[in-house]
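The values are calculated or read from the model by the stated rules, or taken from the named source; none is laboratory data. All figures in this text were calculated on a predicted structure; none of them were measured in a lab. Positions of Cβ are generated from backbone atoms using ideal geometry, with glycine treated the same way; all protein chains shown enter the neighbour counts. Note: areas computed on protein heavy atoms with side chains; ligands, DNA, RNA excluded. Shrake-Rupley method; radii C 1.70, N 1.55, O 1.52, S 1.80 Å.
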Amino acid sequence: MAAAAGYPSTPSIPALSYVLSLLALKLTSTRRVSHACDIAADPGAALFAGLTALPKATALTTYSYRLEHSRQAAFLAALDKAAIAAGLADGEALNLDFHAVMHWGGDPVLEKHYVPRRSQRTRSVLTFFAEDAGTHTLVYANADLSKASQNREVIAFADHWKAVTGADPALLIFDSKLTTQAVLAELDDRGIGFITLRARHPGATKALAALPRAPGSP
């Protein structure tokens, strides 16, 4: 999968070892790549990555941040094919959502996005995820989004899924604010089923309760 993505290597560290080093941080619940020194001297983590010691935080963060999204997309395509073949995802229904990751530094060159945990718009990195609804297996992610491109990310995912499986997604489930009516019309034209979710505000609940019942319904 690392080879399929075309991840770069250095004379000292193969691409696969870089990927496994980053994975080791995730598996040990290390909160940030910059905290790699917490397990840098652990022989088990080094063995897992095929190295004598994990790379330093500077090497790992640079490797992580400077890779183009096209490489990540190629890696996810290979990963999705393996997941489907292993029965870890079936794609009958797929959950989509955005998640804003707050920036804690000063003067970031980032757009402001709504962060639910803070209930406010603040400088953050907007990320997009897709998971298999049946198994909760992650099948797509993108952290290179802007306000100008976020509405069409659902189309980008649909294109990704078609490239992986040879067919458009059967059913997408997402928040009603994920995209626009124009993009929903594109999904409809492609025959992609979707369910949009919205908050159960008292006014919406009252309006639904007031709708007349269909003939013969309980």
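For the stretch 23-34, check the following and say yes or no: at least one residue is surrounded by fewer than 17 Cβ atoms within 10 Å (Cβ to Cβ), over 19 Å from the mean Cα position of the chain (by Cα) and under 23 Å from K81 (Cα atoms).
Among the residues of the stretch 23-34, not one is surrounded by fewer than 17 Cβ atoms within 10 Å (Cβ to Cβ), over 19 Å from the mean Cα position of the chain (by Cα) and under 23 Å from K81 (Cα atoms), which makes the answer no.
Among the residues of the stretch 150-185 satisfying the criterion of being touching a helix residue (DSSP H, G or I) at 6+ places or on another chain (Cβ under 8 Å) and polar (S, T, N, Q), which is least open to solvent (accessible area, probe 1.4 Å)?
Here the residue is T179.
For the stretch 123-149, enumerate the residues that are modelled with pLDDT of 90 or more and out of contact with any His (no Cβ under 7 Å at 6 or more places or on another chain).
If the condition is that a residue be modelled with pLDDT of 90 or more and out of contact with any His (no Cβ under 7 Å at 6 or more places or on another chain), then F128, A130, E131, D132, A133, G134, T135, H136, T137, L138, V139, A141 are the ones that fit.
Which condition breaks for R152 when tested against (1) under 24 Å from Y65 (Cα atoms); (2) at pLDDT 85 or above; (3) part of a strand (DSSP E or B); (4) not small (G, A, S)?
Result: R152 passes all but (3).
Restricting to the stretch 6-24, count the residues that are out of contact with any Ser or Thr (no Cβ under 9 Å at 6 or more places or on another chain) and either over 15 Å from L47 (Cβ atoms) or among the β-branched types (V, I, T) (or both). Full working, then the answer.
First, the residues of the stretch 6-24 that are out of contact with any Ser or Thr (no Cβ under 9 Å at 6 or more places or on another chain): 7-8, 10-12, 14, 19-21, 23.
Subsequent filtering for residues that are either over 15 Å from L47 (Cβ atoms) or among the β-branched types (V, I, T) (or both) retains 7-8, 10-12, 19.
Qualifying residue count for the region: 6.
Any residue in the stretch 7-20 that is touching a helix residue (DSSP H, G or I) at 6+ places or on another chain (Cβ under 9 Å), assigned to a helix (DSSP H, G or I), modelled with pLDDT under 90 and under 30 Å from V154 (Cα atoms)? Write out each step before concluding.
Looking only at the stretch 7-20, we keep the residues that are touching a helix residue (DSSP H, G or I) at 6+ places or on another chain (Cβ under 9 Å), and these are 7-10, 13-20.
With assigned to a helix (DSSP H, G or I) added as a condition, the list becomes 15-20.
Applying the additional criterion that residues be modelled with pLDDT under 90 yields none.
No - not one qualifying residue is present in the stretch 7-20.
Could you tell me which residue of the stretch 72-109 is nearest to W161 (Cα to Cα), considering only residues that are open to solvent by 70 Å² or more (accessible area, probe 1.4 Å) and in a helix (DSSP H, G or I)?
Looking at residues that are open to solvent by 70 Å² or more (accessible area, probe 1.4 Å) and in a helix (DSSP H, G or I), I get K81.
State all residues of the stretch 146-171 that are without any contact (Cβ under 8 Å) to a residue 24 or more places away in the chain and not basic (K, R); if no residue qualifies, say none. Walk me through it before giving the result.
Kept after step one, since they are without any contact (Cβ under 8 Å) to a residue 24 or more places away in the chain, are these residues of the stretch 146-171: 148-149, 156, 159, 162, 166-167.
Hits for the stretch 146-171 are A148, S149, A156, D159, G166, A167.
Are any residues in the stretch 35-57 within 19 Å of S9 (Cα to Cα) and more than 26 Å from the chain's Cα centre (by Cα), and if so, which ones?
Answer for the stretch 35-57, where residues must be within 19 Å of S9 (Cα to Cα) and more than 26 Å from the chain's Cα centre (by Cα): A46, L47, G50, L51, T52, A53.
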